[in-house]
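In what follows, a single structure is set out as structure tokens and then discussed.
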Amino acid sequence: MNITIINDCRDANAAGRQTTRATALLGGSVSFIGVASDLQASGNLIDVLDAFEESPGVVLVNVAPRNGKAKKWKNGTPFGYFQYKKVLILASID
């Protein structure tokens, strides 16, 4: 299974930690895309979905507002999910 992570926490430590967790939980190969904004994340999500074509996979997108701009949730920003063709997308919704 192909797995792609799109995240605004993009330093080497964060990328390594997230890639390791995704591999341990889901198996398969993991690609990591570091972004700086919601707009970059959405563009990359479209590119990734196009690249999957008809293959099954998972895309994890986490680009949550920080620095006091986000709504304060007890356990962090919630995630939602949806299916596009054979790809499961899990994303922060704040």
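The values are calculated or read from the model by the stated rules, or taken from the named source; none is laboratory data. Owing to the predicted nature of the structure, the values given are computational and were not obtained by experimental measurement. Positions of Cβ are generated from backbone atoms using ideal geometry, with glycine treated the same way; all protein chains shown enter the neighbour counts. The accessibility values were calculated without ligands, DNA or RNA, using every heavy atom of the protein model including side chains. Shrake-Rupley method; radii C 1.70, N 1.55, O 1.52, S 1.80 Å.
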Quiz item: Quick one: of the DSSP bridges fully inside the chain, what percent are antiparallel, nearest 5?
Solution: 25 percent
Exercise. Could you size up the charge dipole of the chain around its Cα centre, putting +1 on the beta carbon of Lys and Arg and -1 on that of Asp and Glu, and report it in debye to the nearest 20?
Key: 540 debye
Quiz item: Leaving out ligands, DNA and RNA, what percent of the accessible area of the chain is carbon and sulfur, probe 1.4 Å?
Solution: 55 percent
Quiz item: Along segment 26-41, what does the Karplus equation 6.51 cos²θ - 1.76 cosθ + 1.60 (θ = phi - 60°) give for ³J(HN,Hα), rounded to whole Hz, x for Gly and Pro?
Solution: 10, x, x, 9, 10, 10, 10, 10, x, 10, 10, 7, 4, 4, 4, 4
